[in-house]
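Okay, structure first, notes after.
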Amino acid sequence: MRYLACDTAKRISKIGLGTWQFGSREWGYGEPYAGQEAGAIVRRAIELGVTLFDSAETYGFGRSERILGRALGESRESAFLATKMLPVVPVPPVVEQRAVASADRLGAHWLDLYQLHLPNPLFRDTMIMPGMRALRRIGLVGEVGVSNYSLGRWRAAEEALGSRVLSNQVSYSLAARSPETELLPFAQEHGHIVIAYSPLAQGLLSGRYHRTIRPTNRVRAASPLFLPDNLDRAASLIGALREVAAAHSATPAQIALAWVIRHPAVAAIPGASSVEQLESNVAAAEIELTDDEYQALQAASDRFRPIAGPAAVARLVRSRFGR
Ligand SMILES: NC(=O)c1ccc[n+]([C@@H]2O[C@H](COP(=O)([O-])OP(=O)(O)OC[C@H]3O[C@@H](n4cnc5c(N)ncnc54)[C@H](OP(=O)(O)O)[C@@H]3O)[C@@H](O)[C@H]2O)c1
């Protein structure tokens with residue numbers, strides 16, 4: 001495993017583990033996964049040197065945090081444990097109460113990273129951050145983070161906190177490159193980090209899915225990326241991933257992850273539906289892409305133009321209702 005070069009109390013692995021899948025109905029992995037496989041994934045991740053574990057109070061209505069906390073057990077102290085609060089009415093007493101509830105579900109005395117899941121358009125960060133400051137003061141929270149924040153709002157959050165807002169968790173993959181414009185340069189320059197969620201574009205970049213083999217769960221049925229026409233459009237990007245993968249005796253998913261974490265300020269948190277996937281994702285941390293390979297993937301990603309916006313919504317509605 002490789003780790004981020006940043007001055008945090010615990011090391012942060014370049015490949016972490018996302019746990020939205022744990023106990024969440026929308027992923028559709030069912031009870032055997034929530035009851036057994038998820039725990040086995042966490043335990044194997046620890047054995048392989050993963051320290052970054054990411055959850056949220058909303059995942060499975062708290063079930064993800066409970067599964068993660070149980071599986072971490074004694075290893076909780078060495079893990080860099082991250083979770084997120086949904087900032088609905090995020091006045092200080094609410095922020096404080098929600099952090100305590102998350103820590104309780106995780107069975108933790110300490111949250112290494114407490115993140116705001118998304119920017120609240122009605123509450124400014126000056127109203128939210130006093131709650132975060134109080135949590136740090138009493139020692140329940142180590143680092144503060146945000147998620148789905150623009151650069152302007154990330155900076156404003158930091159000013160409101162009066163100290164470092166370590167991370168911004170955003171969608172970043174070969175199918176979602178907008179963080180490259182502002183967030184990555186800012187993170188690199190200021191010793192902050194970007195936590196890449198959906199680094200496999202929710203499984204699209206594994207190359208497993210085609211027009212005729214589409215994932216059926218609710219998350220991906222609602223995602224424009226998995227529309228049949230977009231799966232066709234992704235073929236050439238998947239082809240480029242396969243080509244680089246062949247040179248490394250790796251899989252397209254591993255190359256997609258190696259590409260994401262090549263940036264020094266980025267850690268990725270892929271989800272996994274099995275222990276085998278987790279092992280494969282961890283192994284991606286060791287893959288060194290050459291400059292030529294990196295650029296070839298970048299070029300293939302530039303050419304990938306999925307149908308998006310209202311046109312995609314209309315198609316999603318048609319595919320949902322079979323018209
Ligand atoms: N902050 C936010 O707003 C936000 C939003 C989304 C996600 N997240 C976080 O980011 C984490 C990861 O994002 P995500 O789950 O949306 O997408 P992702 O990590 O890109 O995709 C995960 C899915 O890809 C497939 N997969 C994983 N490893 C694979 C491998 N080695 N080979 C082939 N397929 C593989 C699995 O699905 P199948 O096996 O079923 O194909 C898995 O469920 C989440 O768990 C969550 O913690 C945060």
Any residue at all in region 272-281 that is without any contact (Cβ under 8 Å) to a residue 40 or more places away in the chain, touching a helix residue (DSSP H, G or I) at 6+ places or on another chain (Cβ under 9 Å), more than 16 Å from Q202 (Cα to Cα) and not small (G, A, S)?
no
For region 76-172, list the helices (runs of 4 or more DSSP H) that sit wholly inside it and hold at least 2 residues that are within 20 Å of the chain's Cα centre (by Cα) and either more than 15 Å from the ligand (Cβ to nearest atom) or within 25 Å of A187 (Cα to Cα) (or both); which are they?
92-106, 151-161
Residues of region 261-277 satisfying the condition of being under 18 Å from G28 (Cα atoms), outside any loop (DSSP other than H, G, I, E, B) and within 9 Å of the ligand (Cβ to nearest atom):
Q277
Which residues, counting only those in region 193-239, are crowded, with 22+ Cβ neighbours inside 10 Å, of a type in the set (G, A, S) and more than 12 Å from the ligand (Cβ to nearest atom)?
A234
Using the structure shown, decide if S280 is polar (S, T, N, Q), assigned to a helix (DSSP H, G or I), surrounded by 11 or more Cβ atoms within 10 Å (Cβ to Cβ) and at pLDDT below 95.
no
Which one is nearest to the chain's Cα centre (by Cα) among residues in region 283-292 that are part of a helix (DSSP H, G or I) and farther than 17 Å from A267 by Cβ?
D291
Candidates A253, A245 - the one that is more than 8 Å from the ligand (Cβ to nearest atom), part of a helix (DSSP H, G or I) and not hydroxyl-bearing (S, T, Y):
A245
Tell me, which residue of region 11-47 that is in contact (Cβ under 8 Å) with a residue 60 or more places away in the chain and more than 19 Å from the chain's Cα centre (by Cα) is least open to solvent (accessible area, probe 1.4 Å)?
Y33
I'd like to know if region 250-264 contains one or more residues that are at pLDDT 95 or above and open to solvent by 70 Å² or more (accessible area, probe 1.4 Å).
yes
In region 179-189, how many are of a type outside the set (A, V, I, L, M, F, W, C) and within 14 Å of the ligand (Cβ to nearest atom)?
1
For region 5-27, enumerate the residues that are within 12 Å of the ligand (Cβ to nearest atom), at pLDDT 95 or above and part of a loop (DSSP other than H, G, I, E, B).
G16, T19, W20, Q21, F22
Could we say that A312 is hydrophobic (A, V, I, L, M, F, W, C), at pLDDT below 95 and away from the ligand (no atom under 16 Å from the Cβ) here?
yes
Does region 53-62 contain at least one residue that is acidic (D, E) and either in contact with a Leu (Cβ under 8 Å, 6 or more places away or on another chain) or open to solvent by 60 Å² or more (accessible area, probe 1.4 Å) (or both)?
yes
How about region 28-60: which of its residues are small (G, A, S) and within 9 Å of the ligand (Cβ to nearest atom)?
G28, S55, A56
Among the residues of region 52-92, which ones are closer than 17 Å to R136 by Cα and modelled with pLDDT of 95 or more?
F80, L81, A82, T83, K84, M85
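The values are calculated or read from the model by the stated rules, or taken from the named source; none is laboratory data. What you are looking at is a predicted structure, and each value in this text was computed from that prediction instead of being measured. A quick note on method: Cβ atoms are made from the backbone with ideal geometry, for glycine too, and the neighbour counts reach across all protein chains shown. We work out accessible area using only protein heavy atoms, side chains counted, and drop any ligands, DNA or RNA first. Shrake-Rupley method; radii C 1.70, N 1.55, O 1.52, S 1.80 Å.
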